[in-house]
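J.: Following this message is one structure expressed as C-alpha coordinates.
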Amino acid sequence: MQAKIQEYLHEVASAAPLNAQEAEALRLRFLGRKGVMNDLFADFKTVAPDARKEVGQLLNQLKTAVEAKVSEFANAKPKVSIHAEDVTRPAWGNLPGTHHPVSQVRDELVDIFRRMGFAVAEGPEMEDDWHNFTALNFPPEHPARDMQDTFFLARNPDWALRTHTSNVQVRTMETRKPPIRIIAPGRVFRNEAISSRSHCMFHQVEGLYIDRNVSFADMKQTLLEFAQAFFGPHTAIRLRPSYFPFTEPSAEMDIWWGLETETDYRMTKGTGWLEILGCGMVDPAVLESCGINPEEYSGFAFGLGVERIAMQRFAIPDIRALFENDLRLLRNL
Ligand code: PHE
(Lines give C-alpha, C1' and ligand atoms only; values in the text may rest on other atoms or scores of the structure.)
Protein backbone atom coordinates (compact mmCIF):
# COMPACT_ATOMS: atom_id res chain seq x y z
CA MET A 1 0.00 0.00 0.00
CA GLN A 2 2.89 2.34 0.77
CA ALA A 3 4.18 1.94 -2.75
CA LYS A 4 0.78 2.80 -4.18
CA ILE A 5 0.57 5.95 -2.11
CA GLN A 6 4.08 6.94 -3.18
CA GLU A 7 2.97 6.61 -6.78
CA TYR A 8 0.01 8.89 -6.17
CA LEU A 9 2.30 11.36 -4.44
CA HIS A 10 4.42 11.48 -7.58
CA GLU A 11 1.35 11.98 -9.70
CA VAL A 12 0.16 14.91 -7.59
CA ALA A 13 3.61 16.46 -7.47
CA SER A 14 3.87 16.52 -11.24
CA ALA A 15 0.25 17.64 -11.81
CA ALA A 16 0.09 21.22 -13.04
CA PRO A 17 -3.52 22.38 -13.41
CA LEU A 18 -3.74 25.40 -15.73
CA ASN A 19 -7.19 26.61 -14.84
CA ALA A 20 -10.02 26.14 -12.39
CA GLN A 21 -11.57 23.30 -14.40
CA GLU A 22 -8.36 21.27 -14.39
CA ALA A 23 -7.89 21.91 -10.69
CA GLU A 24 -11.43 20.77 -10.06
CA ALA A 25 -10.81 17.56 -12.01
CA LEU A 26 -7.74 16.89 -9.89
CA ARG A 27 -9.72 17.56 -6.74
CA LEU A 28 -12.49 15.16 -7.78
CA ARG A 29 -10.02 12.41 -8.75
CA PHE A 30 -8.45 12.45 -5.29
CA LEU A 31 -10.88 14.07 -2.84
CA GLY A 32 -14.25 13.40 -4.51
CA ARG A 33 -16.75 11.01 -3.00
CA LYS A 34 -15.60 8.18 -5.27
CA GLY A 35 -12.05 9.43 -5.36
CA VAL A 36 -8.67 7.89 -4.64
CA MET A 37 -8.51 9.07 -1.04
CA ASN A 38 -11.73 7.34 -0.10
CA ASP A 39 -10.53 4.05 -1.59
CA LEU A 40 -7.25 4.39 0.27
CA PHE A 41 -8.99 5.10 3.56
CA ALA A 42 -11.12 1.99 2.99
CA ASP A 43 -7.98 -0.07 2.43
CA PHE A 44 -6.43 1.51 5.54
CA LYS A 45 -8.62 -0.75 7.68
CA THR A 46 -6.70 -3.77 6.41
CA VAL A 47 -3.27 -2.38 7.21
CA ALA A 48 -1.36 -4.26 9.93
CA PRO A 49 -1.35 -2.37 13.26
CA ASP A 50 2.43 -1.81 13.33
CA ALA A 51 2.40 -0.21 9.84
CA ARG A 52 -0.56 2.07 10.55
CA LYS A 53 1.41 5.00 11.78
CA GLU A 54 3.58 5.18 8.67
CA VAL A 55 0.69 4.63 6.25
CA GLY A 56 -1.45 7.17 8.07
CA GLN A 57 1.27 9.77 7.73
CA LEU A 58 1.62 9.06 4.02
CA LEU A 59 -2.12 9.40 3.54
CA ASN A 60 -2.12 12.77 5.26
CA GLN A 61 0.81 13.85 3.13
CA LEU A 62 -1.08 12.95 -0.02
CA LYS A 63 -4.22 14.77 1.09
CA THR A 64 -2.28 17.93 1.94
CA ALA A 65 -0.43 17.79 -1.39
CA VAL A 66 -3.69 17.60 -3.35
CA GLU A 67 -5.25 20.43 -1.36
CA ALA A 68 -2.20 22.62 -1.94
CA LYS A 69 -2.34 22.06 -5.71
CA VAL A 70 -6.05 22.82 -5.85
CA SER A 71 -6.18 25.74 -3.44
CA GLU A 72 -4.66 28.38 -5.68
CA PHE A 73 -7.70 28.10 -7.92
CA ALA A 74 -10.18 27.96 -5.08
CA ASN A 75 -10.89 31.68 -5.14
CA ALA A 76 -11.14 31.83 -8.89
CA LYS A 77 -13.99 29.35 -8.96
CA PRO A 78 -17.00 31.49 -7.92
CA LYS A 79 -15.88 34.28 -10.25
CA VAL A 80 -16.13 31.94 -13.18
CA SER A 81 -19.59 30.72 -12.32
CA ILE A 82 -21.09 34.03 -11.26
CA HIS A 83 -19.70 36.47 -13.76
CA ALA A 84 -19.02 34.38 -16.80
CA GLU A 85 -21.80 31.84 -16.73
CA ASP A 86 -24.96 33.09 -15.10
CA VAL A 87 -25.64 36.63 -16.21
CA THR A 88 -29.26 36.37 -15.10
CA ARG A 89 -28.33 35.87 -11.47
CA PRO A 90 -29.58 38.75 -9.25
CA ALA A 91 -26.85 41.27 -8.40
CA TRP A 92 -25.32 41.51 -4.96
CA GLY A 93 -27.14 44.01 -2.77
CA ASN A 94 -25.39 47.32 -2.12
CA LEU A 95 -24.38 48.13 1.45
CA PRO A 96 -26.46 51.19 2.34
CA GLY A 97 -24.23 54.24 2.96
CA THR A 98 -24.49 56.46 6.00
CA HIS A 99 -23.71 60.10 6.66
CA HIS A 100 -20.40 61.00 8.21
CA PRO A 101 -20.74 62.19 11.83
CA VAL A 102 -19.53 65.67 10.84
CA SER A 103 -22.21 65.87 8.13
CA GLN A 104 -24.87 64.56 10.51
CA VAL A 105 -24.13 67.22 13.10
CA ARG A 106 -23.78 69.99 10.51
CA ASP A 107 -27.10 69.08 8.88
CA GLU A 108 -28.85 69.04 12.23
CA LEU A 109 -27.44 72.43 13.22
CA VAL A 110 -28.41 73.94 9.90
CA ASP A 111 -31.86 72.43 10.15
CA ILE A 112 -32.54 73.96 13.56
CA PHE A 113 -31.55 77.44 12.41
CA ARG A 114 -33.43 77.03 9.17
CA ARG A 115 -36.61 76.47 11.13
CA MET A 116 -35.94 79.80 12.84
CA GLY A 117 -35.74 81.52 9.47
CA PHE A 118 -31.99 81.48 8.72
CA ALA A 119 -30.94 80.73 5.12
CA VAL A 120 -27.75 78.85 4.19
CA ALA A 121 -24.98 80.97 2.65
CA GLU A 122 -21.60 79.86 1.36
CA GLY A 123 -18.28 81.44 0.49
CA PRO A 124 -14.82 80.54 -0.78
CA GLU A 125 -12.33 78.51 1.25
CA MET A 126 -9.46 80.49 -0.26
CA GLU A 127 -9.91 84.07 0.82
CA ASP A 128 -8.27 87.48 0.59
CA ASP A 129 -7.09 89.48 3.56
CA TRP A 130 -10.04 91.87 3.42
CA HIS A 131 -12.78 89.26 3.81
CA ASN A 132 -10.99 87.05 6.34
CA PHE A 133 -9.47 89.83 8.46
CA THR A 134 -9.57 93.53 7.64
CA ALA A 135 -13.31 93.93 7.12
CA LEU A 136 -13.84 91.98 10.34
CA ASN A 137 -11.99 94.64 12.28
CA PHE A 138 -8.61 92.93 12.38
CA PRO A 139 -6.39 95.85 11.29
CA PRO A 140 -2.95 94.94 9.88
CA GLU A 141 -0.54 94.14 12.73
CA HIS A 142 -3.44 93.53 15.10
CA PRO A 143 -2.36 90.87 17.63
CA ALA A 144 -5.69 89.05 17.25
CA ARG A 145 -4.44 87.87 13.83
CA ASP A 146 -1.99 85.67 15.67
CA MET A 147 -4.86 83.88 17.42
CA GLN A 148 -5.84 82.46 14.06
CA ASP A 149 -2.69 80.56 12.95
CA THR A 150 -3.21 81.30 9.30
CA PHE A 151 -2.06 79.29 6.28
CA PHE A 152 -1.00 81.93 3.75
CA LEU A 153 -0.66 81.11 0.08
CA ALA A 154 3.04 80.94 -0.79
CA ARG A 155 2.57 82.73 -4.10
CA ASN A 156 0.59 85.65 -2.73
CA PRO A 157 0.50 86.18 1.04
CA ASP A 158 -2.43 88.53 0.57
CA TRP A 159 -4.44 85.36 0.18
CA ALA A 160 -4.99 82.66 2.76
CA LEU A 161 -7.10 79.60 3.53
CA ARG A 162 -9.97 81.03 5.52
CA THR A 163 -9.50 80.68 9.27
CA HIS A 164 -13.23 80.96 9.99
CA THR A 165 -16.50 81.09 8.07
CA SER A 166 -16.86 84.73 9.12
CA ASN A 167 -15.74 85.66 5.59
CA VAL A 168 -19.25 84.67 4.53
CA GLN A 169 -20.65 87.34 6.90
CA VAL A 170 -18.64 89.98 5.09
CA ARG A 171 -19.48 88.76 1.60
CA THR A 172 -23.18 88.61 2.45
CA MET A 173 -23.33 92.07 4.04
CA GLU A 174 -21.45 93.55 1.10
CA THR A 175 -23.93 92.23 -1.43
CA ARG A 176 -27.28 92.21 0.35
CA LYS A 177 -29.40 94.69 2.19
CA PRO A 178 -30.71 93.96 5.71
CA PRO A 179 -32.66 92.21 7.04
CA ILE A 180 -30.06 89.46 6.81
CA ARG A 181 -30.49 86.12 8.49
CA ILE A 182 -27.92 83.57 7.33
CA ILE A 183 -26.17 80.47 8.53
CA ALA A 184 -22.76 79.67 7.01
CA PRO A 185 -21.56 76.08 7.35
CA GLY A 186 -18.12 75.31 5.97
CA ARG A 187 -14.59 74.10 6.17
CA VAL A 188 -11.87 76.22 7.78
CA PHE A 189 -8.11 75.88 8.16
CA ARG A 190 -5.63 76.73 10.89
CA ASN A 191 -1.92 76.09 11.03
CA GLU A 192 -2.01 74.16 14.28
CA ALA A 193 -0.15 71.11 15.43
CA ILE A 194 -2.41 68.11 14.88
CA SER A 195 -3.34 66.36 18.12
CA SER A 196 -6.25 64.47 19.60
CA ARG A 197 -7.96 67.80 20.33
CA SER A 198 -7.10 70.01 17.36
CA HIS A 199 -6.68 69.63 13.63
CA CYS A 200 -5.46 71.95 10.88
CA MET A 201 -8.77 71.51 9.04
CA PHE A 202 -12.21 71.49 10.63
CA HIS A 203 -15.78 72.73 10.16
CA GLN A 204 -17.69 75.67 11.55
CA VAL A 205 -21.26 76.81 11.42
CA GLU A 206 -21.62 80.55 11.74
CA GLY A 207 -24.78 82.60 12.02
CA LEU A 208 -25.49 86.26 11.30
CA TYR A 209 -28.61 88.30 11.97
CA ILE A 210 -28.84 91.98 10.96
CA ASP A 211 -31.96 94.13 11.15
CA ARG A 212 -33.30 97.23 12.85
CA ASN A 213 -33.30 97.08 16.65
CA VAL A 214 -31.65 93.70 17.04
CA SER A 215 -30.56 93.40 20.65
CA PHE A 216 -28.37 91.22 22.83
CA ALA A 217 -31.59 89.77 24.28
CA ASP A 218 -32.58 88.61 20.78
CA MET A 219 -29.26 86.84 20.49
CA LYS A 220 -29.61 85.18 23.86
CA GLN A 221 -33.12 83.95 23.10
CA THR A 222 -32.08 82.62 19.67
CA LEU A 223 -29.16 80.73 21.17
CA LEU A 224 -31.31 79.36 23.99
CA GLU A 225 -33.81 78.07 21.42
CA PHE A 226 -30.98 76.45 19.54
CA ALA A 227 -29.44 74.87 22.66
CA GLN A 228 -32.77 73.39 23.71
CA ALA A 229 -33.53 72.09 20.23
CA PHE A 230 -30.13 70.45 19.92
CA PHE A 231 -29.26 69.31 23.46
CA GLY A 232 -32.74 68.78 24.92
CA PRO A 233 -35.69 70.92 26.09
CA HIS A 234 -34.39 71.54 29.61
CA THR A 235 -30.88 72.65 28.64
CA ALA A 236 -29.65 75.70 30.54
CA ILE A 237 -27.16 78.15 29.00
CA ARG A 238 -24.87 80.83 30.34
CA LEU A 239 -22.97 83.60 28.56
CA ARG A 240 -19.44 84.49 29.63
CA PRO A 241 -17.71 87.72 28.53
CA SER A 242 -15.13 87.07 25.82
CA TYR A 243 -13.30 88.83 23.01
CA PHE A 244 -13.54 88.74 19.22
CA PRO A 245 -12.40 91.68 17.08
CA PHE A 246 -15.63 91.68 15.05
CA THR A 247 -18.17 91.63 17.89
CA GLU A 248 -18.73 94.00 20.79
CA PRO A 249 -19.72 92.96 23.36
CA SER A 250 -18.57 89.37 22.80
CA ALA A 251 -19.44 86.26 24.75
CA GLU A 252 -18.88 82.58 24.94
CA MET A 253 -21.90 80.36 25.48
CA ASP A 254 -21.78 77.31 27.74
CA ILE A 255 -24.49 74.73 28.30
CA TRP A 256 -25.12 73.01 31.63
CA TRP A 257 -23.71 69.54 31.05
CA GLY A 258 -23.85 68.17 34.57
CA LEU A 259 -21.19 67.03 36.98
CA GLU A 260 -22.06 63.50 37.94
CA THR A 261 -19.49 61.18 36.42
CA GLU A 262 -15.77 61.35 36.03
CA THR A 263 -16.26 61.95 32.29
CA ASP A 264 -18.47 64.98 33.04
CA TYR A 265 -15.73 66.23 35.28
CA ARG A 266 -13.08 65.85 32.59
CA MET A 267 -15.20 67.28 29.78
CA THR A 268 -16.22 70.37 31.73
CA LYS A 269 -12.91 70.86 33.52
CA GLY A 270 -14.69 70.40 36.81
CA THR A 271 -17.28 73.17 36.28
CA GLY A 272 -20.26 71.25 34.90
CA TRP A 273 -20.48 73.84 32.07
CA LEU A 274 -19.49 72.94 28.53
CA GLU A 275 -18.30 75.60 26.10
CA ILE A 276 -20.30 75.43 22.86
CA LEU A 277 -19.90 78.61 20.83
CA GLY A 278 -18.62 82.16 20.48
CA CYS A 279 -21.01 85.03 19.85
CA GLY A 280 -21.58 88.76 20.14
CA MET A 281 -23.15 91.91 18.71
CA VAL A 282 -21.61 92.74 15.34
CA ASP A 283 -19.14 95.58 15.88
CA PRO A 284 -20.35 98.85 14.28
CA ALA A 285 -16.96 99.11 12.55
CA VAL A 286 -17.68 95.82 10.75
CA LEU A 287 -21.11 97.00 9.60
CA GLU A 288 -19.51 100.15 8.29
CA SER A 289 -16.76 98.24 6.42
CA CYS A 290 -19.47 96.24 4.69
CA GLY A 291 -21.55 99.25 3.68
CA ILE A 292 -24.29 98.96 6.31
CA ASN A 293 -25.20 102.02 8.37
CA PRO A 294 -24.60 101.19 12.06
CA GLU A 295 -26.92 104.03 13.10
CA GLU A 296 -29.78 102.26 11.41
CA TYR A 297 -28.96 98.59 11.82
CA SER A 298 -27.57 96.28 14.45
CA GLY A 299 -27.08 92.54 14.62
CA PHE A 300 -25.51 89.53 16.21
CA ALA A 301 -23.24 86.74 15.06
CA PHE A 302 -22.20 83.41 16.48
CA GLY A 303 -19.92 80.59 15.44
CA LEU A 304 -19.39 77.03 16.58
CA GLY A 305 -17.11 74.10 15.78
CA VAL A 306 -18.81 71.05 14.30
CA GLU A 307 -16.14 68.46 15.16
CA ARG A 308 -16.22 69.29 18.84
CA ILE A 309 -19.94 68.70 19.01
CA ALA A 310 -19.67 65.52 16.92
CA MET A 311 -17.01 64.23 19.32
CA GLN A 312 -19.29 64.82 22.30
CA ARG A 313 -22.31 63.34 20.64
CA PHE A 314 -20.62 60.17 19.39
CA ALA A 315 -18.14 59.87 22.27
CA ILE A 316 -15.15 60.02 19.92
CA PRO A 317 -12.09 60.91 22.01
CA ASP A 318 -9.72 61.83 19.13
CA ILE A 319 -10.55 64.40 16.44
CA ARG A 320 -8.22 62.62 13.99
CA ALA A 321 -10.60 59.66 13.93
CA LEU A 322 -13.10 61.89 12.10
CA PHE A 323 -10.78 62.28 9.10
CA GLU A 324 -9.26 58.82 8.80
CA ASN A 325 -12.38 57.22 7.31
CA ASP A 326 -11.84 53.97 9.17
CA LEU A 327 -14.89 51.89 8.26
CA ARG A 328 -14.83 50.14 11.63
CA LEU A 329 -15.69 53.51 13.19
CA LEU A 330 -17.98 54.87 10.48
CA ARG A 331 -20.13 51.73 10.27
CA ASN A 332 -20.98 52.02 13.96
CA LEU A 333 -22.18 55.63 13.93
N1 PHE B 1 -15.19 83.36 13.98
C2 PHE B 1 -15.01 83.03 15.37
C3 PHE B 1 -13.91 81.99 15.47
O4 PHE B 1 -13.66 81.31 14.53
C5 PHE B 1 -16.28 82.49 15.97
C6 PHE B 1 -17.30 83.58 16.10
C7 PHE B 1 -18.18 83.84 15.09
C8 PHE B 1 -17.37 84.32 17.24
C9 PHE B 1 -19.12 84.84 15.22
C10 PHE B 1 -18.30 85.32 17.39
C11 PHE B 1 -19.17 85.57 16.39
O12 PHE B 1 -13.29 81.85 16.49
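J.: What figure, in Å² to the nearest 10, do you get for the accessible area of residue 283 with a 1.4 Å probe and non-protein molecules left out?
T.: Around 30 Å² of this residue is reachable by solvent.
J.: Dividing the Cα radius of gyration by the Kirkwood radius, what Rg/Rh value follows for the chain? Don't skip to the answer; put the middle values down first.
T.: Details: Rg = 34.5 Å, Rh = 25.6 Å.
With Rg and the Kirkwood Rh in hand, the quotient comes to 1.35.
J.: Turning to a different aspect of this structure: Could you give the distance between the Cα centres of segment 231-280 and segment 148-168, to the whole Å?
T.: 28 Å
J.: Follow-up. Could you give the length gained on full extension between residue 39 and residue 314, defined as 0.36 nm per residue of separation minus the Cα-Cα distance, in nm?
T.: On the way: separation 275, 0.36 × 275 = 99.00 nm, distance 6.08 nm.
Residue separation times 0.36 nm, minus the Cα-Cα distance, leaves 92.9 nm.
J.: Output ³J(HN,Hα) for segment 101-107: one whole-Hz value per residue in order, computed from phi by the Karplus curve 6.51 cos²θ - 1.76 cosθ + 1.60 with θ = phi - 60°, and x for Gly and Pro.
T.: x, 5, 5, 4, 5, 4, 4
J.: If you average 1/r over all unlike Cα pairs in segment 92-190 and invert the result, what Kirkwood radius do you get in angstrom?
T.: Value: 15.5 Å, from the Cα pair sum.
J.: Given the whole protein assembly as supplied and a 1.4 Å probe, what does the accessible area of residue 271 come to in Å², nearest 10?
T.: Spelled out: residue 271, probe radius 1.4 Å, area about 70 Å².
J.: So what's the back-of-envelope 222 nm ellipticity for the chain, counting only DSSP H runs of four-plus at -39500 (n - 2.57) apiece and dividing by all residues, rounded to 500?
T.: Result for the chain: -11000 deg cm²/dmol, rounded to the nearest 500.
J.: Can you list the residues of segment 308-331 with backbone N under 15 Å from a point 7 Å past the Cα of residue 266, pointing along Cα to Cβ?
T.: Counting backbone N atoms under 15 Å from the label point, the list is 311-319.
J.: Compare the Cα positions of 71, 61, 46 along the charge dipole of segment 2-75 (+1 at Cβ of Lys, Arg; -1 at Cβ of Asp, Glu; about the Cα centre) and return the one farthest towards the positive end.
T.: 46
J.: Now a separate question. Just read off the accessible area of residue 276 with the full protein assembly in place, 1.4 Å probe, to the nearest 10 Å².
T.: For residue 276, solvent-accessible area is about 10 Å².
J.: Find, to one decimal place in angstroms, the Kirkwood hydrodynamic radius of segment 2-75, where the mean of 1/r is taken over every pair of different Cα atoms and then inverted.
T.: 12.8 Å
J.: Shape call for segment 136-237 from the C-alpha gyration tensor, a ≥ b ≥ c root eigenvalues: rounded (a/c under 1.5), prolate (a/b greater than b/c) or oblate? Before the final figure, lay out each step's value.
T.: Values: a/c = 2.36, a/b = 1.39, b/c = 1.70.
Since a/c reaches 1.5 but b/c is at least a/b, the shape of segment 136-237 is classed as oblate.
The values are calculated or read from the model by the stated rules, or taken from the named source; none is laboratory data. Note that the structure is predicted; figures quoted are calculated from it, not measured. Cβ atoms come from the backbone with ideal geometry, glycine included; neighbour counts cover every protein chain shown. Accessible surface areas use protein heavy atoms only, side chains included; no ligands, DNA or RNA. Shrake-Rupley method; radii C 1.70, N 1.55, O 1.52, S 1.80 Å.
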